[in-house]
1. With 209, 275, 175 as the choices, which residue is under 22 Å from residue 126 (Cα atoms) and crowded, with 23+ Cβ neighbours inside 10 Å?
2. Restricting to region 32-78, name every residue that is part of a loop (DSSP other than H, G, I, E, B) and either more than 16 Å from residue 90 (Cβ to Cβ) or of a type in the set (S, T, N, Q) (or both).
3. Name the residues in region 125-150 that are in contact (Cβ under 8 Å) with a residue 60 or more places away in the chain and of a type in the set (Ser, Thr, Tyr), would you?
4. How many residues are more than 14 Å from the chain's Cα centre (by Cα), within 23 Å of residue 148 (Cβ to Cβ) and assigned to a loop (DSSP other than H, G, I, E, B) if we restrict to region 85-124?
5. Kindly list the number of the only condition in (1) touching a residue at least 24 places away in the same chain (Cβ under 8 Å); (2) surrounded by 14 or more Cβ atoms within 10 Å (Cβ to Cβ); (3) farther than 28 Å from residue 249 by Cα that fails for residue 162.
6. Being surrounded by fewer than 20 Cβ atoms within 10 Å (Cβ to Cβ), closer than 25 Å to residue 140 by Cα and not aliphatic (A, V, I, L, M) is the requirement here; does residue 202 meet it?
7. Could we say that residue 185 is part of a helix (DSSP H, G or I), of a type in the set (S, T, N, Q) and surrounded by 19 or more Cβ atoms within 10 Å (Cβ to Cβ) here?
8. Among the residues of region 209-233, what is the count of those that are touching a Phe, Trp or Tyr at 6+ places or on another chain (Cβ under 8 Å) and modelled with pLDDT of 95 or more?
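The values are calculated or read from the model by the stated rules, or taken from the named source; none is laboratory data. Every value quoted in this text rests on a predicted model; they were computed, and no experiment measured them. Here the Cβ positions follow ideal geometry from the backbone for every residue, glycine too, while neighbour counts run over all protein chains shown.
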Amino acid sequence: MSQDSQNTESASPGVASIKPTFKPKRQPWLIPVFIIAPILCILISLTLGAFEISVPEVIEIVWCGITGQEFTSDNYKNPALAYSMVWTVRLPRVVVSCLVGAGLAIAGAVFQGVFRNPLASPYTLGVSNGAGFGAAIGIVLGLSTFLIQGSAILFGLITVVLTFVVASRSSKSSVTLVLAGMLISSLFASLVSLLKFVADPTEKLPQIVYWLMGSFSGVSFEKLLMILPLYLISLVVLIAFRWRLNVLSVGDTEARSFGIDVTRDRNIVIVSASVISAVCVSISGIIGWVGIVVPHLARMICGPDFRKLLPVSLSLGACYLCIIDDVCRALTTAEIPIGVVTGIIGVPLFLYFIYRKKVNW
C-alpha cells in the first residue's frame, strides 16, 4: 500500500480522528490536585461558623454519620449539637454549593465551546431567567418548596425549547442561537419584573428578591435529592461528550468532515447544559459570573482540550463557589446574598482576563 493511501485512510472520518485535534501538555499533577482541592474546601468549610469545630472532629462526625455510630467527644458539653450542626446545617449547604458551582462552571465551558463565544454562559439561552421566572411564579402562588423547584426547572427547559423554535425559523447556527437566547432571556426577565410588581410587598416580594440574588441558606439533603437525578444524568452526558466537544468547538464544517452529526450532538450538549443550569438555579437562585469566569480560569490552567477542561472546570467551580459561600456566611453577622459577591469578584477577574488577553473559548 502506498504512503498516500495510508495517509488517506488515517484521515478518514470517524470518532477516532477526534483525538489528535488537540495536543495536550503532560500535566501529571493535574488529576490529584483537582481531586484533592474540593475535598479540602469541603472539610475547611465545615469547620467555619460561630460554633467552632476542628477538622479532625469534622472528619469523625462525618464518619459517624456514614457508619451510624454515635459521636462522643469530651470537647463539647453537648456532642449531639455538634453532630447536628455538621450534618443538618453545614454539610448540606457545603455540598450544594460545590454541586452548583461545578454545574454552572461545566455548563459555561460547554456553551463557550459550542457557541465559540467567550461571553457564553448559562444565561446564553435564557435558562437562568426562565428558571427565575418559574420560581417567582411558585413563590407568588404560595407553592411548596418541591413545586417551586419543579416550576423553576420546567420554565428553564421551556426557555431552551423557545430558543430553539425561534432559532429554527432562520437557521440553527451558533450566532442565531445566541441571539434567540438573548431575546428569550430578556422576555423572561421582564416577566419576572412584572411578578415582582404584582407580588405581595410584605411577604412574597422579599422572598422573590432574595431568591433572585442567590443563596444557599435553608438548603437540605431533601431539597438536594429532588434535583440530584437530573443533575447527575446531565453531568454524565456532558462528560461522555467531552471528546466530541473538541470537534464541535472548531466549527460546523470541520466537525462534519470528521463524520460528526453536528445538529444532533450540539442539541444534546446544549440541552444537557441547560438542564444542569436550570437545576442549579432551582435550588440556589440566580448566581452570575460563575459560568463565565471559571471556564476561562480552567482554560488558562489546562488549555482548550475538553477532555481536561471539563473535569478541571468541575473542580474549580466547586472550590470557587464553596469559598465564596464561606465568605458570604462568615464575613458579617447578616448573610450576604451569594449572587452579589460573585458579581463583585467576577467582574474584576474577567477584566483581568481581558487585560492579559486570556478571553477566548
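1. Numbers: 209 fails: crowded, with 23+ Cβ neighbours inside 10 Å; 175 fails: crowded, with 23+ Cβ neighbours inside 10 Å.
Being under 22 Å from residue 126 (Cα atoms) and crowded, with 23+ Cβ neighbours inside 10 Å holds for just one of 209, 275, 175, which is 275.
2. Taking region 32-78 first, the residues part of a loop (DSSP other than H, G, I, E, B) are 48-54, 68-78.
54, 68, 69, 70, 72, 73, 74, 75, 77, 78, listed by residue number.
3. Hits for region 125-150 are 128, 145.
4. First, the residues of region 85-124 that are more than 14 Å from the chain's Cα centre (by Cα): 85-94, 113-119.
Of the ones still in play, those that are also within 23 Å of residue 148 (Cβ to Cβ) are 88-89, 91-94.
Adding the requirement that they be assigned to a loop (DSSP other than H, G, I, E, B) leaves none.
The qualifying residues number 0.
5. Exception for residue 162: condition (3).
6. Values: surrounded by fewer than 20 Cβ atoms within 10 Å (Cβ to Cβ): yes; closer than 25 Å to residue 140 by Cα: yes; not aliphatic (A, V, I, L, M): yes.
For residue 202, the condition - surrounded by fewer than 20 Cβ atoms within 10 Å (Cβ to Cβ), closer than 25 Å to residue 140 by Cα and not aliphatic (A, V, I, L, M) - is met.
7. Numbers: part of a helix (DSSP H, G or I): yes; of a type in the set (S, T, N, Q): yes; surrounded by 19 or more Cβ atoms within 10 Å (Cβ to Cβ): yes.
So residue 185 fits the description; yes.
8. 0
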